[in-house]
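Chemist: Structure below; questions to follow.
The values are calculated or read from the model by the stated rules, or taken from the named source; none is laboratory data. None of these values were measured; they are calculated from a predicted model. Backbone-built Cβ (ideal geometry, glycine too); neighbour counts: all protein chains shown. The protein model used for the area step is the full one, side chains on, heavy atoms only, and it has no ligands, DNA or RNA in it. Shrake-Rupley method; radii C 1.70, N 1.55, O 1.52, S 1.80 Å.
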Amino acid sequence: MPATTSPADFVAWFRSVAPYINAFRGKTFVIAFGGEVVADGKFVELTHDFNLLAALGIRLVLVHGARPQIEQHLAKNNLDDTYHLGIRMTDAETMQCVKEAVGRVRVEIEALLSMGLANSPMANADIRVAGGNFITAQPIGVINGMDLQHTGSVRKVDVAALNDRMEFGEVVLLSPLGYSPTGEVFNLTLEDVATATAIALDADKLVFLMDTDGVTGKKGELLKELTVAQAQEALTGKRKLSDDVSLFLPCAIRACEAGVARTHLISRHTYGAVLQELFSDEGIGTMVVESTLNTLREATIDDIGGIIELLRPLEESGILVRRSRELLEREIDRFTVLEHDHRIIGCAALYPFPDEAAAELACLAVDTQCRDRGYGEALLNHMISVAKMQELKKLFVLTTRTAHWFIERGFKESDVAELPAQKKSLYNYQRKSKVFVRKI
Ligand SMILES: CC(C)(COP(=O)(O)OP(=O)(O)OC[C@H]1O[C@@H](n2cnc3c(N)ncnc32)[C@H](O)[C@@H]1OP(=O)(O)O)[C@@H](O)C(=O)NCCC(=O)NCCS
């Protein structure tokens, strides 16, 4: 723990990542990075983060590139680097350089992933790296009269073999090479390998480490979250995108449309980029999702853990009345949850009193890190429409500290005497909650 971090901050921070740890265990992430990361000597830092992800039970597929190393080999051998419509042409001599460069990069990555130095983040790390002929490739062929020869594209991914490796707790490392049933080797792009693999594995996340921070908006501001439709708009719009965004954003769209839950475009230059992106709500780059990440839905028994995590601090500080796990389990049907990226960040419960055409709104809570974004109001509005569907005419709440929030949303202070009879009999006079009512 750094000297500047207080024990309380440290404990609070550590607890705050628990929901991510729970949500990510057993999930499949495909992370792609260019050969620049290795050339710059930055891969050591990345290995620390990959080690942590693997230790948390995340199924990892790493995809590396080797562009600078290939260019270096070509230059050393006095060979031209020929591009046609933005695609490298790979003749037999170039292919030789590709194989050598890719092989060297791969060995270097495997060596760094094998580190286990005491007193380092890799202490006790036991990463077993798996490689193999997982990618079947096909030639791109002739485009506009130019035969691209050994330049290929992914034809098939051996999902069963990849799953086998990951079941054994191995981290899969894929190189930008593929093999054909005719025994040939093809030069592939890292983005094609990563995207095809993420799609084939139905991965939960695909991450591209790139040179810029992410997709930017009209004023140069970083766009943190894009739906596929918004990403398409960014690609086809007038805005000038950076080269790497132009390269990776179409992959993000392709992956999301094919069922990959989220694709992240993040800067490789940001310290701990992968961890910062994955373990915080705000993230540091651009995340592309099929549709918006927030869902408001009825709670199920599987949400109990998340609801408890959300309510406990509020119960401990006396803001909400304590509810046992058993009570929550019994009353889970009353709850609505607001989920963000598999994490419960808000909830509310509705207790109808049909005889009085009224309902109590209880347990309205939004995670402290996600407040002031209108989620509380969205939950309230949702509960009002649920109550209306049950033909109830008024909503009441009992609160000790949130009076003004409700007043500003159309609630009027009322009296215990006005509560439905059954609720009145249970009113806790010691707690002295105020009663607020709103006609709906
Ligand atoms: C009340 C609560 C659900 C609001 O969640 P939220 O997502 O931040 O709500 P919104 O984003 O819709 O509203 C935020 C606004 O309410 C204001 N607000 C937050 N708490 C408030 C309070 N106790 N009193 C008055 N205003 C408050 C914020 O300052 C913000 O104002 P602004 O829009 O002028 O900036 C959240 O603060 C919470 O979980 N509180 C603890 C649990 C609780 O008290 N529940 C109610 C009893 S059941």
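Chemist: Out of the range 168-275, which chymotrypsin sites (Phe, Trp or Tyr not before Pro) are coil in DSSP terms and have no more than 12 other C-beta atoms within 10 Å?
Modeler: Answer by residue number: F168, Y271.
Chemist: Let me ask another. Would you kindly work out the equivalent ellipsoid of the range 185-244 from its C-alpha gyration tensor and give its semi-axes, the square roots of five times the eigenvalues, largest first in whole Å? Intermediate results must be reported in sequence, preceding the final value.
Modeler: Numbers: eigenvalues 124, 41, 26 Å².
In descending order, the three semi-axes are 25, 14, 11 Å.
Chemist: Separate question: Below 14 Å Cα-Cα, how many Lys pairs turn up in the range 7-292? Only count pairs eight or more apart in sequence, or on different chains, if you could. Don't skip to the end; give the middle numbers.
Modeler: On the way: K27/K205; K218/K238; K218/K240; K219/K238; K219/K240.
So the count of such lysine pairs works out to 5.
Chemist: Which angle between 0 and 90 degrees, to the nearest 10, do you get for helix 304-316 versus the longest principal axis of the chain when only C-alpha atoms count?
Modeler: Rounded to the nearest ten degrees, it is 50.
Chemist: In debye to the nearest 20, how big a dipole does the range 219-276 give about its Cα centre with +1 on each Lys and Arg Cβ and -1 on each Asp and Glu Cβ?
Modeler: 120
Chemist: Report ³J(HN,Hα) in whole Hz for each residue of the range 230-237, in order, from the Karplus equation J = 6.51 cos²θ - 1.76 cosθ + 1.60 where θ = phi - 60°; Gly and Pro get x.
Modeler: Residue by residue, the range 230-237 yields 5, 5, 5, 4, 5, 6, 8, x Hz.
Chemist: Another question, then. Compute, for E315, the solvent-accessible surface of its heavy atoms (probe 1.4 Å) with the complete set of protein chains present, and express it in square angstrom to the nearest 10.
Modeler: 20
Chemist: A further question on this structure: Any idea what the alpha-carbon Rg over 2.2 N^0.38 Å comes to for the chain?
Modeler: Numbers: Rg = 26.9 Å, N = 440, 2.2 N^0.38 = 22.2 Å.
Normalised Rg, Cα atoms only: 1.21.
Chemist: For K412, go through the aspartates and glutamates and keep the ones whose alpha-carbon is under 16 Å away, minus same-chain ones fewer than eight residues off.
Modeler: E360
Chemist: What does the extension gain come out to for E167 and A55, with contour length at 0.36 nm per residue minus their alpha carbon separation?
Modeler: Numbers: separation 112, 0.36 × 112 = 40.32 nm, distance 1.37 nm.
In short, 39.0 nm is gained.
Chemist: If you place +1 on the Cβ of every Lys and Arg, -1 on the Cβ of every Asp and Glu, and leave all else neutral, what size is the dipole of the chain about its Cα centre, to the nearest 20 Debye? List each step's numbers first, then the result.
Modeler: Values: 48 positive and 59 negative charges, 324 e Å.
With only Lys, Arg, Asp and Glu charged at Cβ, the dipole is about 1560 debye.
Chemist: How big is the accessible area of R104 in square angstrom, nearest 10, if you roll a 1.4 angstrom probe over the protein chains?
Modeler: Its accessible surface works out to 150 Å², give or take rounding.
Chemist: How much area per residue is accessible in the chain when the probe is 1.4 Å and only protein heavy atoms are counted (Å²)? Provide the component values of the computation, followed by the final result.
Modeler: On the way: 22010 Å² over 440 residues.
I get 50 Å² per residue for the chain.
Chemist: Between E184 and D40, what is the FRET efficiency for a Förster distance of 30 Å, r being their Cβ-Cβ separation, to the nearest 0.05?
Modeler: Working: r = 32 Å, r/R0 = 1.07.
Efficiency for this residue pair is about 0.40.
Chemist: Quick check: the angle from helix 190-201's long axis to the longest principal axis of the chain, C-alpha only, nearest 10 degrees?
Modeler: Relative to the chain, helix 190-201 is tipped by roughly 50 degrees.
Chemist: What do you get for the angle between helix 67-76 and the principal long axis of the chain? Use alpha-carbon atoms, 0 to 90 degrees, nearest ten.
Modeler: Here the helix axis deviates by roughly 10 degrees.
Chemist: Shifting gears a bit: Considering only protein heavy atoms and a 1.4 Å probe, what is the carbon-and-sulfur percentage of the accessible area of the chain?
Modeler: Working: 11120 of 22010 Å².
Its accessible area is 51 percent carbon and sulfur atoms.
Chemist: Could I ask something else about it? For the range 7-292, give the share of DSSP beta bridges that are antiparallel, in percent and rounded to the nearest 5; count only bridges with both residues there.
Modeler: On the way: 17 of 45 bridges.
Roughly 40 percent of the beta bridges in the range 7-292 run antiparallel, per DSSP.
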